[in-house]
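Here's the structure, in structure tokens; my notes come after.
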Amino acid sequence: MQTLAVDHPLVAHKLTTLRDVRTDSPTFRRLADELVTLLAYEATRDVRVVEATVETPLAPTQGVQLASPKPLVVPILRAGLGMLDGMTRLLPTAEVGFLGMIRDEGTLQAQTYATRLPDDLSGRQCYVLDPMLATGGTLAAAIQLLLDRGANDVTALCLLAAPEGLKYMEQAFEGTEVPIRVVTAAVDSHLNDLGFIMPGLGDAGDRLYGVV
């Protein structure tokens with residue numbers, strides 16, 4: 001598994017404002033959207049393309065276009081929805097699947113409650129959207145589900161990651177031949193006793209949509 005913490009002044013600037021407890025939900029949603037687009041730029045460096053010929057106003061020329069099958073973007077509900085627009089802005093022709101997962105706050109284990117994905121993902125590149133990589137259980141379970149359906153390249157985009165979660169992911173997919181990557185804005189210090197990233201930015205879902 002590969003991990004990329006994107007080192008860019010704009011990424012750091014937007015993340016700092018996301019962390020601020022004074023940032024309201026509308027501003028948080030807008031900044032998360034912008035930050036995801038910046039992360040997506042790095043995450044899609046290895047997106048598969050094929051050569052294509054197009055006609056310019058002056059002459060034909062060679063270029064590239066996304067290869068088939070098109071990439072699949074999978075936000076993990078509910079907080080992952082706040083990252084979807086920022087990702088599809090960069091990949092407008094990608095298909096979108098949905099995965100509902102929740103972490104049991106007692107056991108910290110991930111449970112799946114909704115799945116809207118193709119049964120066969122053979123040959124597909126998948127991009128999983130999950131704002132917080134904390135313990136790693138939810139993201140690892142989501143990626144394993146995609147692998148079980150045949151995905152052969154998976155990249156996760158996270159606003160923040162914890163060292164414990166990254167270590168869990170590395171152990172979970174040790175020996176896996178399928179390329180797996182995590183692209184994040186920062187790797188924070190540690191998890192607290194409740195499994196939250198420190199210093200973090202709080203509960204991403206609550207800050208995106210309010211406490212419901």
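Some notes on this structure:
- Evaluating Ala52 against the criteria (1) part of a loop (DSSP other than H, G, I, E, B); (2) aliphatic (A, V, I, L, M); (3) open to solvent by less than 30 Å² (accessible area, probe 1.4 Å) leaves one unmet condition, (1).
- Which listed residue is among the basic types (Lys, Arg), assigned to a helix (DSSP H, G or I) and open to solvent by 60 Å² or more (accessible area, probe 1.4 Å), from Arg29, Arg22: Arg29
- The strands (runs of 3 or more DSSP E) falling completely within the stretch 99-209 that include 3 or more residues that are surrounded by 18 or more Cβ atoms within 10 Å (Cβ to Cβ) and touching a helix residue (DSSP H, G or I) at 6+ places or on another chain (Cβ under 6 Å) map to 125-129, 153-158.
- Residue within the stretch 69-85 that is open to solvent by 60 Å² or more (accessible area, probe 1.4 Å), farther than 23 Å from Asp206 by Cβ and modelled with pLDDT under 95 present: yes
- Being outside any strand (DSSP E or B), within 20 Å of Ile180 (Cα to Cα) and open to solvent by 70 Å² or more (accessible area, probe 1.4 Å) is a property that holds for Arg45.
- Within the stretch 26-43, one or more residues are under 18 Å from Leu146 (Cα atoms) and either modelled with pLDDT of 95 or more or aliphatic (A, V, I, L, M) (or both).
The values are calculated or read from the model by the stated rules, or taken from the named source; none is laboratory data. Note that this is a predicted model, so its numbers are computed, not measured. Neighbour counts run over all protein chains shown; Cβ positions are idealised from the backbone, glycine included. Each accessible area value is taken on the protein alone, full model and side chains, heavy atoms only, with ligands, DNA and RNA left out. Shrake-Rupley method; radii C 1.70, N 1.55, O 1.52, S 1.80 Å.
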